[in-house]
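One structure below.
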Amino acid sequence: MRNVRWGLLLMLCLLLTGLVACGGQDNTEQSNETPSTEGTQEQGEQVLNLLSAETITSMDSSMATDSYSFEFLGAAMEGLYRLDENSNPVEGIATDHDVSEDGLTWTFTLREDAQWSNGDPVTAHDFVYAWKRAVDPNTGSEYGPYMMNGVIKNAEAINNGEMDVEELGVSADGDYSLVVELENPIPYFESLTTFPTFYPQNEAFVEEQGDDYATSTEALVFNGPFTLENWKSTSNSWELVKNESYWDAETVQLEKLTFEVVKDAQTAVRLYEEGTVDRADLSSDLVDQYATHENYTVIPETFIFYLKFNQTTSEALANKDVRAAISRAFNKEALVTEILNDGSLVANGLIPQDFVQTPDGVDFREANGDLVTHDVEAAQEFWERGLEELGTDTVELELLSSDNDESKVMGEYLANQLETNLPGLDISLRRVPFEQRKDLDAKMDYDIQISSWGPDYLDPMTFMNLFVTEGGNNKMGYSNAEYDQLINDAATTNASDKEARYNNFLEAEQILFEDAAIAPIYQSSTPQLVSSRVHGIYVNPFGPTYEYKWGSVEAGE
């Protein structure tokens, strides 16, 4: 591939998009964005006009897999608990819970005043149905097995077809008591219940809708602070409207939030400047222009972007030295400072900075240090050794990415760096829409892929179990028995021993990079313009990216 002049590429718009999983960062008061179809708002009206970078791909809590879907599931639905402004689980459908002495049985007391938007009560049976549906192999859920295997008793055996779904460790003791049996003590289980995969579903309604369930507003019922209106699976615009039947409706001040899909940062900023949207994400070429703006802010995130190496499609990528060479051959500092220019951080490990601490109070990333850094000399040594082992002096590989502006420019940059620093390497670029990239990943139809992951709960396991052998999110043929054992021990024998458990994670992360299983690129941040009239909308550290329940519009602004 020929070299590219990067001064020209820097002029392209970069639009950050969440590629998989849900968002992550310290809870920060925020808002969102959207071009209004109704013009400017009346003074004091509790309406926000917001933007979304992508469409909603699924409103079925058993089938959703991406941050955009989780964001709106979190607004329109509610599980046992939800996260408050300090990232602490607070009352949702559950008002309290008890845990057995061995940590294996959790009994949740449910409120009796919660109802679905069609008037049906929300009961323990709704949770039992939804959880069983999520692990039933006939459903085909990705997140059900990912979130519940090794957590809920018998989930893995059920998903593997070895046990009947009725054997799942969840049951209703009457209408308002939910009993959950775990495979092992799960230190983070309370926070896990805030995640959309664990939301309830109205069995009668779901079964009545059949294949149409969750494909449009008419094929949904809601039990959260808002209802999703004027939406179908192909929509580029929709609304969240206050759910008057929500059990805590008195707390919800926002009457409506409108959303429209806008992928171009220049367009988003223009709409913000016009006063028709209340927040705009900034691309790198706009940061310097707006960095001194009174409404400029940078949201630190815990998304990690990295290169996935598919060891099954290429003899070269099955070679550890080749993977190690690629991992070190691109300048990450130049990428985050000159191309992204958005506050993102260089990533030299898997667990992000400022996410979790070890038992002695040290940030996990600091405790394990930099595990793979930019080092062209070392990269070329690995490369020469790898080529010798392969008996060739040339390697051709394809780099898969999404087709948004950021991914396009980043793909060009990485290909240029790799071809320049690793003689004999030829990189072809394959850019596809987000949904197609997810499908290609699931089919393992790629060589190298620009991927990302944001945490689903507040624990290292949300990152570390991605790479266990044949794990649902592995999808790259990586396997290491020692790594698997360490992760298994963290989930089983060491589940109640925090120090031993964290030592498992620290050692496993080191193994992951000794094997050059992935190549970390950066930890993301999002620069934004946020209207001063918006209050009480928070950015969650995991799960649904934004929490709208406590949002409001400042009167008179």
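Quick notes on this structure:
- The residue that is farthest from the chain's Cα centre (by Cα), among those in the stretch 116-143 that are of a type in the set (Ser, Thr, Tyr) and assigned to a helix (DSSP H, G or I), is Tyr129.
- Selected residue [among the small types (Gly, Ala, Ser) and without any contact (Cβ under 8 Å) to a residue 40 or more places away in the chain] from Ala495, Ala519, Ala490, Ala508: Ala490
- Which listed residue is of a type in the set (Phe, Trp, Tyr) and over 19 Å from Trp106 (Cα atoms), from Tyr129, Tyr143: Tyr143
- Residue list for the stretch 192-236, filter: assigned to a helix (DSSP H, G or I), surrounded by 22 or more Cβ atoms within 10 Å (Cβ to Cβ) and in contact with a Leu (Cβ under 8 Å, 6 or more places away or on another chain): Pro196, Phe198
Here's the yes/no breakdown for (1) more than 23 Å from the chain's Cα centre (by Cα); (2) over 23 Å from Ala347 (Cα atoms):
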| site | (1), (2) |
| --- | --- |
| Glu406 | no, no |
| Tyr413 | yes, no |
| Leu422 | yes, no |
| Ser428 | yes, yes |
| Ala442 | no, yes |
| Asp447 | no, no |
| Ile450 | no, no |
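- Residue match in the stretch 290-313 (condition: of a type in the set (Phe, Trp, Tyr) and in a helix (DSSP H, G or I)): yes
- Residues in the stretch 72-101 that are of a type in the set (D, E, K, R) and either at pLDDT below 95 or over 23 Å from Leu254 (Cβ atoms) (or both): Asp84, Glu85, Asp96, Asp98, Glu101.
- Contacts under 8 angstrom Cβ, first residue in the stretch 115-130 being closer than 16 Å to Gly169 by Cβ and crowded, with 22+ Cβ neighbours inside 10 Å, partner acidic (Asp, Glu) and at pLDDT 95 or above, 6 or more apart: Ala124/Asp173; Ala124/Asp175
- Residue match in the stretch 228-237 (condition: out of contact with any helix residue (DSSP H, G or I) (no Cβ under 8 Å at 6 or more places or on another chain) and of a type in the set (A, V, I, L, M)): no
- Subset of the stretch 318-339 (residues that are under 20 Å from Ser452 (Cα atoms) and not in a helix (DSSP H, G or I)): Ala329, Phe330, Asn331
- Within the stretch 340-358, the only residue that satisfies the criterion of being closer than 18 Å to Leu458 by Cβ and not in a loop (DSSP other than H, G, I, E, B) is Gln357.
- Residue, surrounded by the fewest Cβ atoms within 10 Å (Cβ to Cβ), within the stretch 92-103, restricted to residues that are more than 17 Å from Val128 (Cα to Cα) and touching a residue at least 24 places away in the same chain (Cβ under 8 Å): Asp102
- Taken residue by residue, the stretch 401-421 has no member that is in a loop (DSSP other than H, G, I, E, B), free of Cβ contacts under 8 Å to residues at least 12 places away in the same chain and over 23 Å from Ala318 (Cβ atoms).
- For Glu181, the conditions (1) at pLDDT 95 or above; (2) outside any loop (DSSP other than H, G, I, E, B); (3) out of contact with any strand residue (DSSP E or B) (no Cβ under 9 Å at 6 or more places or on another chain) all hold with the exception of (3).
- Total residues in the stretch 157-172 satisfying the condition of being in contact (Cβ under 8 Å) with a residue 12 or more places away in the chain, part of a helix (DSSP H, G or I) and surrounded by fewer than 21 Cβ atoms within 10 Å (Cβ to Cβ): the figure is 3.
- Among the candidates Val277, Val269, residue that is in a helix (DSSP H, G or I) and over 26 Å from Trp453 (Cβ atoms): Val269
- Test result for Gly369, on the phi > 0 side of the Ramachandran plot and out of contact with any helix residue (DSSP H, G or I) (no Cβ under 9 Å at 6 or more places or on another chain): yes
- Of all residues in the stretch 80-115, exactly one satisfies the criterion of being under 18 Å from the mean Cα position of the chain (by Cα) and not in a strand (DSSP E or B), namely Ser87.
- Candidates Glu244, Glu315, Glu250, Glu273: the one that is in the same structural domain as Leu350 (by TED's automatic domain parsing) and surrounded by fewer than 16 Cβ atoms within 10 Å (Cβ to Cβ) is Glu315.
The values are calculated or read from the model by the stated rules, or taken from the named source; none is laboratory data. Small disclaimer: the values here were computed from a predicted structure and weren't measured. Cβ sites come from the backbone with ideal geometry, for glycine too, and all protein chains shown count toward neighbours.
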